[in-house]
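S.K.: Structure provided below as structure tokens; questions to follow.
Quick note: the coordinates plus some simple rules give every number you see, no bench work behind them. Bear in mind the structure is a predicted one, so any value in this text is a computation, not a measurement. Because the Cβ atoms are built from the backbone with ideal geometry, glycine has one as well, and the counts that use them run over all protein chains shown.
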Amino acid sequence: MAGPKLGKKSGSKLGKLPAKKKQKKEPLPAKPLEKEELFSDSEGTDGDFQEDDEQEINSDSEMSSDIDDPFAADILGSGDADDGSDVNSDSNADSDSDADDNDLVRKSKAIDDERKREEEDNDLELQLNIKEEADDFRLPTTEELEEETQRPPDLSNLQRRIKEIVRVLSNLKSLRQEGVTRKDYVDQLKSDLGSYYGYNDFLIESLVELFPPVELIELIEAFEKPRPISLRTNTLKSRRRDLAGVLLNRGVNLDPLSKWSKVGLVVYDSQVPVGATPEYMAGHYMLQSASSFLPVMALAPQENERVVDMAAAPGGKTTYVAALMKNSGIIYANEMKESRLKSLTANLHRMGVTNTIVCNYDGRELPKVLGQNTADRILLDAPCSGTGVISKDESVKTSKTAPDIQNCSQLQKELILAAIDMVDANSKSGGYIVYSTCSIMVEENEAVIDYALKKRDVKLVPCGLDFGRPGFIRFRQHRFHTSLDKTRRFYPHVHNMDGFFVAKLKKMSNSKSAAKSSVQSEEVQGAESIENSDQQDSEEDDDKHSDKKGIANENRKLKEEVAGDKKRKRVQTHSVKKGAGQNSGATKNGKAENQVVATKKREKKKPLPREEIAKAREEKRKALREATRKATMKNK
């Protein structure tokens, strides 16, 4: 009986000892495994009890052998387990390091592969570009164009053809197709641009005349993108630095507009609506395009002056003028359309302007209302076709035609004459007129200023703007006054603002007819322009020399005519004096008759208008030119 008891105790103890060794040597994360091992140990103890029952039947030698075997097995098993854990930990560390090395190798290989692919792609692109440049571009035939009209427009094909035509036009001598003229390429470019961008034929033709092909594409692409949002700080209520800090705190991402403006800010993005902030409602700033800063900067109003804004709504320029004048002097803000008066008055009140009088008249009638020669400065932002703000109003692409441009030009000419009549030439600080439009058409800009120079005694002065392109002195068949290079043009693809035109005029005298000095200068400049045009039109040197000789002969004839007129005047005055001496003893009725005859003669002596004189001189010059050309042709 003692044998089985010893077997039970020794079996139970021997079964529990290996479990303790495993708990000490096993790592901390394997806690759930310990419970399983405990359960396995308990199962082992049950097996020992069963063995003890069997050992009661078997002999003591067999029992002792059974007891020694599991103990040795447990000890050897625990040792093997410990050695295995150490080996596994070492092998895990080695595998981790190997995995890291493999990852680095893979990443480096991937980077090398990407570089090789990029180099191959670049080489392919270069080869393709070389092939495209080497290949001759051919215009589509009439049959192909007819097929295109029957199908829906292929935009990718149109874009590719536009690029190819522009490339050919940039180097026409070496790239053009045999038997195809420049006009053919330009006509195809017009039709493709009209169908791709949605312009009508008139507007595309006008733009093609204004810009070379490469710049034309840049302009049209700029019209497709909106201009950046800009703000003007109201210096009557705030400063730009303070306003920028407040708006930045509200989540508005902005920067100063440019070096040429001390009050402008450009907005990139905003977390709040810029037109509904508390600062906007309080009148600390005005939402205003950058191009509309320019006319007011050119006008440069001074304090305590009398200024007229002939087309004021919605009030951006008027409030800017008031801020520059610091609410001193008087501003007449006129707006012809009654529906726009609400926005004008609302902005004036919001911005804190107190020196402005709002009126509702036709600008052409303002001289009768406000009086002639009464204002120091005039701002005329004339109504126009809007061809410079297509990015804001895309309807201009298809709605404007040649009659619309002519009607706008006629209205602008009448308005600028009214503006000149209102300005006082004797003003101590003023006497200036600023004319501006949001159009890029020559008929609405340079042609209007040239008309004003001919009709009134005014001259062009610098605008005071350091940037912008000078206005045209020549355009197609037109020849304008040489001082028009003082005007400024602004384009969206060059200056990143709306298309705009600004001109500044100085009134020289209050008389409507121009002074003699200005007439003489115009005649000299007209002669210069005629000579320049003759040089351009002539193809051979003989024609040039003949034209110069004809002009010299013409000048001699004009001098002879002037001398003959002076002699006639002397003879007439001498005969009048003789007649007065003979009729000294006549009656009063006779004297009255002589006075009537004298007044009639004086009326006859009045000079002809400048336009008739200019026309007569042009006709004489043309006749002389034709005669000289015929003579040269006969000599050849």
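S.K.: Report the label-to-label distance for Asn510 and Lys173 in nanometres (one decimal), using points 7 Å from each Cα along the Cα→Cβ vector.
M.R.: Reported label-point gap for Asn510 and Lys173 is 6.1 nm.
S.K.: With a point put 7 Å past each Cα toward its Cβ, work out how far Arg138 is from Arg469 in nm, to one decimal.
M.R.: Reported label-point gap for Arg138 and Arg469 is 3.6 nm.
S.K.: If packing is taken as the average count of other Cβ atoms within 10 Å, what order do 138-145, 164-171 fall into, highest mean first?
M.R.: 164-171, 138-145
S.K.: With r as the distance between the Cβ atoms of Asn157 and Lys109 and R0 = 35 Å, compute the FRET efficiency 1/(1 + (r/R0)^6) and round to 0.05.
M.R.: E(calc), rounded to 0.05, equals 0.25.
S.K.: A follow-up question, please. Write out the trypsin sites (Lys or Arg not before Pro) in the stretch 422-455 meeting two conditions: DSSP loop, and at most 12 other Cβ atoms within 10 Å of their Cβ.
M.R.: Lys428
S.K.: Express in nm, to one decimal, how much length is gained between Lys368 and Glu414 on full extension, taking 0.36 nm for each residue of separation and deducting their alpha carbon distance.
M.R.: Separation in residues times 0.36 nm, less the Cα-Cα distance, equals 15.2 nm.
S.K.: After finding the eigenvalues of the alpha carbon gyration tensor for the stretch 275-331, what semi-axes result from the square roots of 5 times each, listed largest first in whole Å?
M.R.: 21, 13, 10
S.K.: To the nearest 0.05, what FRET efficiency results for Gln406 and Met281 with a Förster distance of 56 Å applied to their C-beta separation?
M.R.: 0.85
S.K.: Would you mind getting me the FRET efficiency between Val214 and Thr149? Use the beta-carbon distance for r and R0 = 22 Å, nearest 0.05.
M.R.: 0.20
S.K.: Residues in the stretch 316-336, backbone N under 14 Å from the label point at Cys359 (7 Å along the Cα-to-beta-carbon vector): list them, ranges by number please.
M.R.: Hits in the stretch 316-336 for Cys359 at 14 Å: 330-336.
S.K.: Once you sort the root eigenvalues of the Cα gyration tensor of the stretch 145-226 as a ≥ b ≥ c, which label holds: rounded (a/c under 1.5), prolate (a/b larger than b/c) or oblate (the other case)?
M.R.: Oblate, since a/c reaches 1.5 and b/c is not below a/b.
S.K.: Also, quick follow-up: With the calculation restricted to Cα positions, what are the radius of gyration and Dmax of the stretch 353-415 in angstrom?
M.R.: In Å, with Rg to one decimal and Dmax whole: 15.5, 42.
S.K.: Hey, which of these cross-link pairs are over 21 Å Cα-Cα: Lys317/Lys400; Lys413/Lys455; Lys342/Lys397; Lys337/Lys486; Lys368/Lys512?
M.R.: Table pairs above 21 Å Cα-Cα are Lys317/Lys400; Lys342/Lys397; Lys337/Lys486.
S.K.: Let me ask you something else. Volume per residue, Å³, of the convex hull around the alpha-carbon atoms of the stretch 390-486?
M.R.: 132
S.K.: Tell me, in nm to one decimal, what length is gained between Glu338 and Lys630 on full extension, where the rule is 0.36 nm per residue of separation less the Cα-Cα distance?
M.R.: 98.9 nm
S.K.: Kirkwood hydrodynamic radius of the stretch 184-339 from all distinct Cα pairs, in Å?
M.R.: Here the Kirkwood hydrodynamic radius works out to 18.4 Å.
S.K.: What is the stretch 311-453 by shape, rounded, prolate or oblate, if you read a ≥ b ≥ c off the alpha carbon gyration tensor as root eigenvalues and call it rounded for a/c under 1.5, prolate for a/b larger than b/c, and oblate otherwise?
M.R.: Cα axes put the stretch 311-453 in the oblate bin.
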